[in-house]
Amino acid sequence: SGGGSRIGRAVCQRFARDGASVVVADISEDSANETLGILSHDLQGQEHAALCVDVSSRQSVEQLITLIQVQDR
C-alpha cells in the first residue's frame, strides 16, 4: 500500500525492475496511476495494475486481495 508516492513508489519501481508484476495500491487513485505510468514493462509477462485502496477499511483490503487473486488465475 502507499504505492502512489515516496517509499511505496520506490518499492513498486524496484519490484518491477526486478521482474515482478506489481499492483500499485494507494488511497489516491491519481497517485497510483502516476506510479503505474512509470513502472518498467521490460520483461515478458509483466502486468501491472493500479487500484484505489483504503487500508483502514477491512472491506477495501479484502476487495484488493480478491482482485489480485482473480487476476492471478
> Does any residue of segment 46-64 turn out to be in a helix (DSSP H, G or I), under 13 Å from the mean Cα position of the chain (by Cα) and touching a residue at least 40 places away in the same chain (Cβ under 8 Å)?
Replying inline: yes
> Looking only at segment 32-45, which residues are under 18 Å from L67 (Cβ atoms) and part of a helix (DSSP H, G or I)?
Replying inline: A32, N33, T35, L36
> Scanning segment 32-73 for residues that are closer than 13 Å to C12 by Cα and among the acidic types (D, E), which turns out surrounded by the most Cβ atoms within 10 Å (Cβ to Cβ)?
Replying inline: E34
> Can you tell me which residues in segment 1-31 are part of a loop (DSSP other than H, G, I, E, B) and either at pLDDT below 95 or open to solvent by less than 70 Å² (accessible area, probe 1.4 Å) (or both)?
Replying inline: S1, G2, G3, G4, S5, D18, G19, A20, S21, V22, S28
>> Contact list please: Cβ distance under 8 Å, first residue in segment 1-30 and over 21 Å from Q71 (Cα atoms), second residue surrounded by 22 or more Cβ atoms within 10 Å (Cβ to Cβ) and among the charged types (D, E, K, R), pairs at least six apart or on different chains.
In response: S5/D26; G8/D26
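The values are calculated or read from the model by the stated rules, or taken from the named source; none is laboratory data. Since we're looking at a predicted model, the values are computed, not measured. All Cβ positions, even for glycine, are placed from backbone atoms using ideal geometry, and neighbour counts span all protein chains on display. Just the protein is used for accessible areas: all its heavy atoms, side chains included, with ligands, DNA and RNA removed. Shrake-Rupley method; radii C 1.70, N 1.55, O 1.52, S 1.80 Å.
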